[in-house]
Structure formats: structure tokens, C-alpha cells
Amino acid sequence: MYDSNKAERVIRFIERVCTHVKGDLASQSFLLEEWQKDYIRDLFGTVNKNGTRQYRTSFVFIPRKNGKSNLLAAIGLALLFVEKEPGAEIYVCASSRDQANAIFDVCKQMVRNQPVLERGCQVYRNSIVLKGTNSFLKAVAADAGVLHGANASAVLYDEVHSAKNNELWTVMSTSMGARSQPLMFGISTAGVFDPNSICYELYDYGKKVRDGIIEDDTFLPLIYEAAQDDDIHSEDTWRKANPNFGVSIKPEYFRKMSQEAKSLPSSEVSFRQLHLNQWVNSLASWITDDEWMLSAGTVNLEELKGKPCYGGLDLAAVEDVTALVLLFPWEDGSMKILPYLFVSEAAVERRRVQTGGSYDAFVSKGELIVTDGNSTDYNVIKNKIIEAATVFDVQSIAFDRWNSNALVQQLVEEGIEMDPFGQGFVSMSGPIKNAEVLVKKRLLHHGGNSMLRWMVGNVVVKKDDAENVKFSKAKAGDKIDGVVALIMALGEKMTVENSDVSKTSTYESNDIRFL
């Protein structure tokens, strides 16, 4: 059944009372787009014979910049102010406190922008309470253990793809048993593909309901995405995945992001995930193997002797690989890479029986130096670095400032310039993007070193809201220490020489730049 009065009442409430809270439209009325109105009509207007809402679960899958936060906040306020269920408990949930508060802050600002709303409620730090009732809207994060006493009437779960497990979703959805028309509402962009994640389960189930494969008249899906075989640089694809294209999303912004995706592999992954809503594979999220090997070039040890170079030193924990990578700027604009990789004998033995394969092939090729004992012998590493400094003109070596040890001080005492180097977004973003540009231009020559090649295939890139990037060791497919040391060496060169190829030739030729 369809009750137009219930649907239109919610639409009128949102358009007459709710406002935008940020940007050029701040404090102006929140006028819904047609796709938003259609969704709200389905969600609130489709009812059972007794007049209660038919849909008990809804999953909205939509890319960034399509008005997600405003829509989520407005629905939350409509549930509180329009439906006025006695003792309503409406929860705005997210995996992190910051994300939950981000949506709740939009709710609070909408209330403060409208005296008629402000008069009808009390606004607190983490809750909005309707006057004269026990009803409230509250922000909660993924501390599911403290929420087992909830009696939720509605749950609005933001960015479900970031959920580390399904505990919060399960706890909240099972807290609704006493309600006559509960609503479990999830909204998200795509994430890293994981068929066992709660977000992918909702996505997969929602598509099957939408396509008629599964019959479930209590589940309402709304899914916007580009197909895997769509042309990601076509405006038709952009419009298909983004219902607010040309409204909250400017075409020129998409053209810039598309051009950047053509230049940088990590930007393409981000573009696909965040703006086209495509699930991405974490093991293919940086430089592809084909691209890496096309940039192999040649590395002749004799030619490198006496040449100036910069180093990156990634010191290992007991189980990890310690990596020293020397980077040689060459006359033709290319960079030659010389890696030294170290591991303990015990670690080699353990790898023979572990998932991921043994180190034996790398050892037999001379690409991995094995030290005696249960842990990596730093004396062997020290002596190798000192030896390298006598053969090559080592300008300086970058080391991880948070994982330094006595070895660094010993090298300083040997007269080797050692510079601390962070591994966060600020330090890593520039050299990572420079490495991508160099590989694209086939100027990062590694000679096909098989262990470094294997590590490149393990890299997973994380990106922050400012489009900065860094590597994630926690989510990497396997060891990436050699690639980390490479990026540190490139960062050291950029710092010393004040050079950044990601902001010069490549982008000038493509008429784009980083924000």
C-alpha cells in the first residue's frame, strides 16, 4: 500500500524546515532533488495494512559529494519531529566517533538554523531530546559493547564500508524487537572488496532484492554505481554513478579528477572507489605489475660506483625485512635503484611453512641477505651500509624517526649523514606521487629485482580527505619494506634538492595540478 500523505509530510518537513549547513548554501532551505524525493516516498509512503512502514531495512549505496550527509541528517530529524513515536530512540552510528559526530553535528546545526525546531527540543553534546517526551536522537560509535541496553526505533549507520566487523550493525538491529515500525538504515560509498564485510553483504543482498532474485518486501535498496566495464573517463559514466552530478558535484571537478586518475595509479583507485562507487581490490591499489616492469630499465653496479645517491632505511622488527634502498639520480632524468634487503635465518625458516611462500628464491638470486640467528643482525646491516658509503657517494640516508635504534647513532659516528623521516601522510605523499610519475614515464629503473617487484605487488595505498597518500603496512598483502625504503630515499632526494616531479613536467603537460 502507498500513503502519499505520510510521504509528502516528510518531504514538506525537510524542504520547509531543514537547511543546508555548509558551503555557499549554508542556512538556505534543503530542497530535495527528484531522486531524493522518490526515495523518501518509497521509504515513508510504502505502508502495511495497519499503516506502519513496510520497509524495516534500507541500504543506500552512493558516491561522495552527492548530499549524503544532509539527506541522512534530515531523515533522522524527520523520524524525531514528524513521526513522534513515543519514547523513540534514534541512533546515528558510525565506525568512529568522529564520523558519527560529523553527521550528528549536521543535525544539530539544522536545528539551530530553525527556531521552530530549536523551541521543540533540547540540544546536548551528543543528543537531541524532544521536549515533553522521552524521545531522542543520539550519536554513537562502534563501541558496541556499551549499546546492548538500547531499544532502538531507528538506526542511521553512516559509511558502513568502514566497519571493522558486523558487531555494531548486529547489536543495533537486534535491539528493535519491541518497536512496531523499526528502521535500520545504512548508507555508504564503496570500500575495499571484502565479501565477508557487512557493507558488501548489504550491497550484494540489496542488488539481489532490486533485481528480483530475492523477494524481501521489508528491504529497500538504492544503489548508484558505475559498472566495472564502464569507461571511467566518460561523462555518461559520471552521471550514471552520481545522481547529483551538476548539482552538488561540478563537472569541472570530475574532469580534474579524471585527468589525475590517468596520471597516477593511486588516484585512479580513489576515483573509482569514491566517485564511481566501484569496489576496489586492495592488492592492486598502487602500481600494476605491468607498469612496474615497463620501467625496469637497467641497473649496472659498475656504472653506479662513485656516483651520488640518497638512501632510505626501513628498520625491521624481529620478524620483518630490514631494507636499505639507494637512489641514484641519472643524467637522463631517470633514477637507478639499488636495494639491500636483510632478514634473519629464523625468519627464512618460518616462511617455508607459512602462507605467502618462502624467501628461498630471493635468497638464491642474491636479492635477500640472510643474517644468522633468530633476529636480524644489525651489525651485518651496519657493515653493509659502511661498505656502500665507501663505494658510492652517499649524500644522506633517511630513517624512520619512530623506529630508530642504536644502529642510527653508530652510522652517524661513522660519518654518514642520517636524517629522520616520517611515514605519515605529510612525509610520504609527495615521494609516493613522484614515484608514480617516474614509473609512468619509465624513469624509475630497478633492473627487474624480483623481491622488490613482489613487494610492489603487496602495497596498499591509503588516502586522506586532502588527497594525500601513504602506504598501509597493516593492510598490505605481505612485506613492503623495500618499497617503503625506496619512497624514503626519494623523499630524502626531494628534501635535499627541493625537487618534485609530480608538480612539474607531467602535470604541466596535462594542464592539471594537485590541490
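Taken together, E235, E252 contain a single residue that is surrounded by fewer than 22 Cβ atoms within 10 Å (Cβ to Cβ), farther than 22 Å from D24 by Cα and at pLDDT 90 or above, which is E235. Filtered by the rule that a residue be touching a helix residue (DSSP H, G or I) at 6+ places or on another chain (Cβ under 6 Å) and under 16 Å from L31 (Cα atoms), the stretch 238-249 gives P243, F245.
Scanning the stretch 480-505 for residues that are in contact with a helix residue (DSSP H, G or I) (Cβ under 6 Å, 6 or more places away or on another chain) and either under 11 Å from V459 (Cα atoms) or at pLDDT below 95 (or both) turns up I480, G482, V483, D500, V501, S502. Restricting the stretch 453-470 to residues that are touching a Lys or Arg at 6+ places or on another chain (Cβ under 6 Å) and of a type in the set (K, R) leaves a set whose member that is farthest from G430 (Cα to Cα) is K462. Quick check on my filter: what residues within the stretch 54-65 are at pLDDT 95 or above and not small (G, A, S)? Listed by number, the residues that qualify are Q54, Y55, R56, T57, F59, V60, F61, I62, P63. Taken over the stretch 79-123, the criterion of being among the β-branched types (V, I, T) and closer than 21 Å to R56 by Cα is satisfied by V82, I90, V92.
Would you be able to say whether some residue in the stretch 240-247 is at pLDDT below 95, out of contact with any Lys or Arg (no Cβ under 9 Å at 6 or more places or on another chain), outside the structural domain of S95 (by TED's automatic domain parsing) and closer than 22 Å to N66 by Cα? The answer is yes; a qualifying residue exists.
If the condition is being among the aliphatic types (A, V, I, L, M), in contact (Cβ under 8 Å) with a residue 60 or more places away in the chain and in a loop (DSSP other than H, G, I, E, B), then the stretch 198-245 contributes no residue at all.
Based on this model, can you work out whether D393 counts as of a type in the set (D, E, K, R) and at pLDDT 95 or above? Taking the combined requirement at face value, the residue satisfies it.
The values are calculated or read from the model by the stated rules, or taken from the named source; none is laboratory data. Remember, it's a predicted structure, so these values are computed and weren't measured experimentally. Using ideal geometry, Cβ is built from the backbone for each residue, glycine included, and neighbour counts are taken over all protein chains shown.
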